[in-house]
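The values are calculated or read from the model by the stated rules, or taken from the named source; none is laboratory data. It should be emphasised that the depicted structure is a prediction, and the values quoted were computed from it without experimental measurement. Side chains are part of the model used for accessible areas, which takes the heavy atoms of the whole protein and leaves out ligands, DNA and RNA. Shrake-Rupley method; radii C 1.70, N 1.55, O 1.52, S 1.80 Å.
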Amino acid sequence: MDPESAAAQAGLRSGDLILSWNASEPPRNPERWVFSQKAGSEMRLRVRRDDHEMSVDFRIDEATETFYQVAENSHAEVRAKRIREGILRGTTQPVTAFFSRH
């Protein structure tokens, strides 16, 4: 659960058992239900945490998704390219100093 979400800010915690959902049975697919609602819709959950029951009231947040893209830097130095290839292929090796005795 996102600690910055409205539900978390209202007191909902991971592991809480949801007993009722807006005075009804919880939906079979809560995530789908939440995404079908408008941002700002009111939620009232009745939850059990340990041996205590409590109400958690909040408004549904705006849904946001974060996407990341990895792109190759065509101007990367040889060392940076070697490190990138090692990370992508799981073959990184520590750089060690080599001393030769003559």
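Against the longest alpha carbon principal axis of the chain, how many degrees, from 0 to 90 and to the nearest 10, is the axis of helix 78-89 turned?
Taking Cα atoms only, the helix is inclined about 50 degrees.
Given the rule -39500 (n - 2.57) for each run of at least 4 DSSP H residues, summed and divided by the residues of the chain, what is its mean residue ellipticity at 222 nm, to the nearest 500 deg cm²/dmol?
Per the formula, -6000 deg cm²/dmol.
Ignoring any ligand, DNA or RNA, what whole percent of the accessible area of the chain comes from carbon and sulfur when the probe is 1.4 angstrom?
In the chain, the share of accessible area belonging to carbon and sulfur is 49 percent.
For the full complex of protein chains and a 1.4 angstrom probe, list F67, F35 by accessible area with the highest value first.
F67, F35
Please compute the per residue accessible area over the chain with all protein chains in place, 1.4 Å probe, rounded to a whole number of Å².
Counting only protein heavy atoms, the per-residue value for the chain is 91 Å².
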